[in-house]
């Protein structure tokens with residue numbers, strides 16, 4: 001089921017808001033303030049919702065007073081999820097709306113707050129909570145723009161001592177999108193039929209000018225690595241191959257996360273004389289394969 005009804009732009013903005021709220025909460029000793037992202041054409045504005053009432057109702061009141069016909073609105077706050085008091089969990093709750101659709105999308109991410117558990121962590125996957133009625137005045141769907149900016153993505157296979165590792169280049173301004181491509185690459189390669197030929201090392205690189213918020217990007221990269229390494233498929237790979245998974249992440253020339261020392265060009269050529277030719281071929285094959293898969297599968301579904 002496509003909960004976003006083909007609206008990839010709403011999908012991207014809503015998942016981004018979940019990630020953003022978790023980022024705000026991960027180093028905080030108290031609940032985050034409710035917030036609202038409003039989008040009009042290519043403009044984005046962030047509003048903090050200073051209110052004691054239901055933040056979703058308050059946001060609807062603010063929008064009713066606004067003269068600008070916003071195309072999309074995303075509202076996020078902290079609350080609780082669970083069927084009763086014994087099963088109640090702290091959670092990030094996000095609702096997304098598009099002016100061309102009669103219903104929005106509501107998502108919830110249960111969390112373990114820092115002040116209660118010593119460190120922040122997410123609990124399970126993102127939950128689909130339903131399709132609330134839209135709080136925006138609906139327009140003609142034919143004028144809607146559901147398109148998104150596709151991420152630039154290339155992957156090169158390098159060979160050292162008979163084992164393969166991947167160098168991956170991702171270009172996109174949204175850290176959530178970059179993190180999703182990191183997840184997909186790790187899952188694709190570690191679950192492949194040739195996964196026993198991997199040495200467990202991956203390098204992800206993002207051009208410095210594409211990411212505006214380095215701190216947010218660092219949080220996303222750290223979260224992806226921590227969650228994927230703890231997943232069953234990664235644990236099984238490490239047990240079966242008796243090798244660890246090591247991941248480097250860089251933003252331009254700056255190393256954001258470093259788990260291993262990068263091989264020099266000299267060592268690469270000494271260890272694998274045909275490495276450059278093999279890398280170029282894999283670069284083309286991986287790019288085609290991954291981009292085709294990305295277009296077929298909504299990225300929230302892997303969570």
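The values are calculated or read from the model by the stated rules, or taken from the named source; none is laboratory data. All figures in this text were calculated on a predicted structure; none of them were measured in a lab. Note that each Cβ is placed from the backbone with ideal geometry, even for glycine, and that neighbours are counted across all protein chains shown.
Overview of results
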{"quantity": "Any hit, the stretch 27-50, residues being more than 24 Å from the chain's Cα centre (by Cα), within 28 Å of residue 219 (Cβ to Cβ) and either in a helix (DSSP H, G or I) or not assigned by TED's automatic domain parsing to the domain that holds residue 219 (or both)", "calculated": "yes"}
{"quantity": "Residues located in the stretch 26-37, provided they are within 21 Å of residue 110 (Cβ to Cβ) and in contact with a helix residue (DSSP H, G or I) (Cβ under 8 Å, 6 or more places away or on another chain)", "calculated": "26, 27, 28, 29, 30, 31, 32, 34, 35"}
{"quantity": "Residue match in the stretch 223-243 (condition: surrounded by 15 or more Cβ atoms within 10 Å (Cβ to Cβ), farther than 15 Å from residue 190 by Cβ, under 17 Å from the mean Cα position of the chain (by Cα) and modelled with pLDDT of 95 or more)", "calculated": "yes"}
{"quantity": "Inter-residue pairs, beta-carbon under 9 Å, first at positive phi and in the stretch 145-162, second exposed (fewer than 13 other Cβ atoms within 10 Å of the Cβ) and assigned to a loop (DSSP other than H, G, I, E, B), 6+ apart", "calculated": "none"}
{"quantity": "Residue within the stretch 64-72 that is within 24 Å of the chain's Cα centre (by Cα) and in the same structural domain as residue 121 (by TED's automatic domain parsing) present", "calculated": "yes"}
{"quantity": "The one condition in (1) surrounded by fewer than 17 Cβ atoms within 10 Å (Cβ to Cβ); (2) more than 23 Å from residue 164 (Cα to Cα); (3) modelled with pLDDT under 95 that residue 211 fails to fulfil", "calculated": "(1)"}
{"quantity": "Residue within the stretch 75-83 that is within 16 Å of residue 127 (Cα to Cα), outside any loop (DSSP other than H, G, I, E, B) and free of Cβ contacts under 8 Å to residues at least 40 places away in the same chain present", "calculated": "yes"}
{"quantity": "Residue match in the stretch 116-130 (condition: part of a strand (DSSP E or B) and within 22 Å of residue 207 (Cβ to Cβ))", "calculated": "no"}
{"quantity": "Condition met for residue 19 (part of a loop (DSSP other than H, G, I, E, B) and either more than 21 Å from residue 133 (Cα to Cα) or touching a residue at least 40 places away in the same chain (Cβ under 8 Å) (or both))", "calculated": "no"}
